[in-house]
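Colleague: This structure is in structure tokens; I'll ask about it shortly.
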Amino acid sequence: MQKRPVLVLNFGSQYVQLIARRIRELGVYSEIISPKTPAQEIKKKNPYGIILSGGPASVYKQGAPLPDRGIYELGVPILGICYGLQVIAHQLGGKVAKSEKQEYGRARLRIIRDDVIFEGIPKESDVWMSHADKVVKPPPGFVPLAVSENSPYAVIADTKRKIYGFQFHPEVTHTVFGKEMLANFVYGVCRAERNWEMGDFIREKIEEIRQQVGDAHVIAALSGGVDSTVAAVLTHRAIGERLHCFFIDHGLLREGEREEVERNLRALGLPLKVVDASEIFLERLKGVVDPEEKRRIIGRTFVEVFEKEAKKIEGARFLLQGTLYPDVVESAGIEGSAKIKTHHNVGGLPERMNLKLLEPFRELFKDEVRQLGKLLGIPEHILKRHPFPGPGLAIRIIGEVNEKDLATLRRADAIFIEELKKEGLYDRVWQAFAVLLPVRSVGVMGDVRTYEKVIALRAVESTDGMTADWYRLPYDFLDRVMRRIINEVEGVNRVVYDISSKPPSTIEWE
Ligand code: XMP
């Protein structure tokens, strides 16, 4: 069903888009239409209200754009902004003339009559004016509600018919209480109901991506995680097969992860190439113990592998990234995980390949991306996946990484996650995983002495990963996980639970 809009009649103001956006920000659908739209067409859209935008023309001059007079008979609330106010005055029997003193820029608005349009707004505030004409005589039935130094009719209204006119621009931020006035019009006068949200953001973003990308191609490295998956699905909707997704298996993934991610991404219809580069990663990690060195090697190798693939795509001019608002804010100089992420994901590739970044979620938060993903039809189990670090299991095997330890860690981690899901705890913790320690300890199994490695379990609660606290998992649950790991995973004879918070510890061990 078509949403009930607040219609904006476009008389050519540079702020038309801004008016519609402000209304949507208030949670009500808004549409920009031609000023010549017949009143009957407008009626069919069943609008909550009509806004007449500003514009460069003069109402008293030949050929000035004017709306169908029938709009005043629809019983729909009307707000005229600047030129829109003059249109109302002109058409309803008032008088508009050239202003001797043109008013541009900041002006002081003084409310002289209380009205719902001014609810919660101080008697005096700054507004933004930009006009050469002004109302010299309001139409019959209209009274002034507010004045400025140069305009005795800065706000006029026929409150019975719910027709308002502002000489200034409430949509620009310089009008300090502009948003409140628009909200008062939309909710107080028009009695609109909230009907605009994330689903509409999708349509807007798709259009924006199309415009930005033009006929170029876009490449993306997907991890199977929430942000990159949602970004890819949205971009795929916008430009179809000109999006090229890569999933690079660096050999440091969790049990069954490559298959699972591949299955998930393909089920979403994404054009995907899976690149198995595990050999080269593991080769380069041989003998490396230092965590920072591991990260550097993995980051560099990742970019190398990705670049080789990306170069094969003709016309690739953009790199898609699921960058979130907190990443944008945080990577602006603050040390922390966001910076680590950025480094890992791009690592100088855009500069080297002369790629522009496509970041459709720069203004969103993680919960909004999840919401968006839901609306795009992405299954819950993908949207609720715990974060997983770019360097993968390499930073969860303390010390040197090798195939044998990877296999051990994968199994232990899979048991832990499986039990969390079975117990309904997976969605309650923010992130959970197993870590393989290089320490050996003595044990006894079936009367035989063992001397094996230690698995540490980590489960944390957090909101953004910047700070975290250990999750109070029930003892019985931990007991069950410990039993399964020691019985089922070869090479492990001890399980410990990490009770450190961040800070002073970090979430990952390396
Ligand atoms: P730390 O260990 O810094 O982790 O407390 C905070 C969050 O960031 C994740 N993390 C990474 N994510 N690339 C990523 O994409 C990385 O290099 C990286 N290092 C840590 C970590 O899993 C946790 O969610």
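The values are calculated or read from the model by the stated rules, or taken from the named source; none is laboratory data. These figures come from a predicted structure and were not determined experimentally. Reconstructed Cβ throughout: ideal geometry from the backbone, glycine too, with neighbour counts over all protein chains shown. Surface accessibility is based on the protein's heavy atoms, side chains included, excluding ligands, DNA and RNA. Shrake-Rupley method; radii C 1.70, N 1.55, O 1.52, S 1.80 Å.
Colleague: Short version: ³J(HN,Hα) in whole Hz for each residue of the range 76-89, in order, from phi by Karplus 6.51 cos²θ - 1.76 cosθ + 1.60 (θ = phi - 60°), x for Gly and Pro, what are they?
Modeller: My calculation for the range 76-89 gives 9, x, 10, 10, x, 10, 6, 3, x, 5, 5, 4, 4, 4 Hz in order.
Colleague: Near Val275, within a Cβ-to-Cβ distance under 14 Å, what is the net charge of the other residues, with Lys and Arg +1 and Asp and Glu -1?
Modeller: Local net charge: -2.
Colleague: Now for a separate question. By how many degrees, between 0 and 90 and to the nearest 10, does the Cα long axis of helix 16-25 differ from the longest principal axis of the chain?
Modeller: 60 degrees
Colleague: Give me the tail of P(r) for the chain as a percent: Cα-Cα pairs with distance above 35 Å.
Modeller: Roughly 51 percent, once rounded to a whole number.
Colleague: Ordered by packing density, taken as the mean number of other Cβ atoms within 10 Å over each peptide's residues, highest first, how do 155-161, 443-449 rank?
Modeller: 155-161, 443-449
Colleague: With a 1.4 Å probe and all protein chains left in place, how much accessible area per residue does the chain have, in Å²?
Modeller: Value for the chain: 47 Å² per residue.
Colleague: Another question, if that's okay. Can you tell me the relative contact order of the range 396-497? Whole percent, Cα pairs under 8 Å, sequence separation 6 or more.
Modeller: 28 percent
Colleague: May I pose another question? Using a 10 Å cut-off on Cβ atoms, rank the peptides 101-114, 395-408, 17-30 from the highest mean neighbour count down.
Modeller: 17-30, 395-408, 101-114
Colleague: OK, next. May I ask which of Lys101/Lys134; Lys134/Lys179; Lys101/Lys123 have a Cα-Cα span longer than 19 Å here?
Modeller: Violating the 19 Å Cα-Cα cut-off are Lys134/Lys179; Lys101/Lys123.
Colleague: Would you please give the residues with an amide H less than 5 Å from that of Val8, counting only those at least 5 places away or on a separate chain, with H modeled from the backbone geometry?
Modeller: Answer set, sorted by chain and number: Glu31, Ile32, Ile33, Ile51.
Colleague: Below 13 angstrom from the Cβ of Gly84, what's the summed charge of the other residues (Lys, Arg +1; Asp, Glu -1)?
Modeller: Net local charge, Gly84 excluded: -2.
Colleague: Kindly express, to the nearest 10 degrees and within the range 0 to 90, the angle between helix 403-422's C-alpha long axis and the longest C-alpha principal axis of the chain.
Modeller: The answer is roughly 60 degrees.
Colleague: Once the Cα atoms of helix 257-267 and of the chain are each reduced to a long axis, what angle between those two axes, in degrees from 0 to 90 to the nearest 10, is obtained?
Modeller: For helix 257-267, the angle is close to 30 degrees.
Colleague: Is the shape of the range 6-189 rounded, prolate or oblate, going by the alpha carbon gyration tensor and its root eigenvalues a ≥ b ≥ c, with a/c under 1.5 for rounded and a/b larger than b/c for prolate?
Modeller: It is rounded, given that a/c, with a ≥ b ≥ c, falls under 1.5.
Colleague: Considering the options Leu79, Ser223, Leu372, tell which one lies farthest towards the positive end of the dipole of the chain, charges being +1 on Lys and Arg and -1 on Asp and Glu at the Cβ, about the Cα centre.
Modeller: Result: Leu79, furthest along the dipole toward the positive end.
Colleague: Another question, if that's okay. Which of rounded, prolate or oblate describes the range 425-510 when judged by the alpha-carbon gyration tensor and an a/c cut-off of 1.5?
Modeller: Verdict is prolate for the range 425-510.
Colleague: Probe radius 1.4 Å, ligands and nucleic acids ignored: give me the carbon and sulfur share of the accessible area of the chain as a rounded percent.
Modeller: In the chain, the share of accessible area belonging to carbon and sulfur is 50 percent.
Colleague: Under the Karplus relation 6.51 cos²θ - 1.76 cosθ + 1.60, θ = phi - 60°, what is the ordered set of whole-Hz ³J(HN,Hα) values for the range 107-121, x standing for Gly and Pro?
Modeller: Per residue, the Karplus-derived 3J(HN,Hα) values read 9, 9, 9, 10, 7, 10, 8, 5, 7, 4, 5, 9, 4, x, 10 Hz.
Colleague: Restricting to Cα pairs below 8 Å that are 6+ residues apart, what does the relative contact order work out to for the chain? Please round to a whole percent.
Modeller: Result for the chain is 10 percent.
Colleague: Quickly rank 247-259, 465-477 as a protection proxy: mean count of other C-beta atoms within 10 Å, highest first.
Modeller: Most protected by this proxy first, the peptides run 247-259, 465-477.
Colleague: Would you mind checking the pairs Lys61/Lys205; Lys45/Lys137; Lys45/Lys366; Lys45/Lys98; Lys294/Lys453 and listing those with alpha carbons more than 29 angstrom apart?
Modeller: Pairs exceeding the cut-off: Lys61/Lys205; Lys45/Lys137; Lys45/Lys366; Lys45/Lys98.
Colleague: Collect residues whose amide H, placed 1.01 Å from N in the peptide plane, falls under 5 Å from the amide H of Ile163; neighbours closer than 5 in sequence don't count.
Modeller: Those lying under 5 Å, H to H, from Ile163 are Ile78, Asp158.
Colleague: Which whole-Hz couplings ³J(HN,Hα) result when phi for each residue of the range 139-155 is put into the Karplus expression 6.51 cos²θ - 1.76 cosθ + 1.60, θ = phi - 60°, listed in order with x for Gly and Pro?
Modeller: In residue order, the calculated couplings are x, x, x, 9, 10, x, 10, 8, 10, 10, 3, 9, 10, x, 10, 5, 9 Hz.
Colleague: Could you pull out which residues in the range 168-188 have an amide N less than 20 Å from a spot 7 Å beyond the Cα of Arg106, following the Cα-Cβ vector?
Modeller: 168-181, by backbone N distance to the label point.
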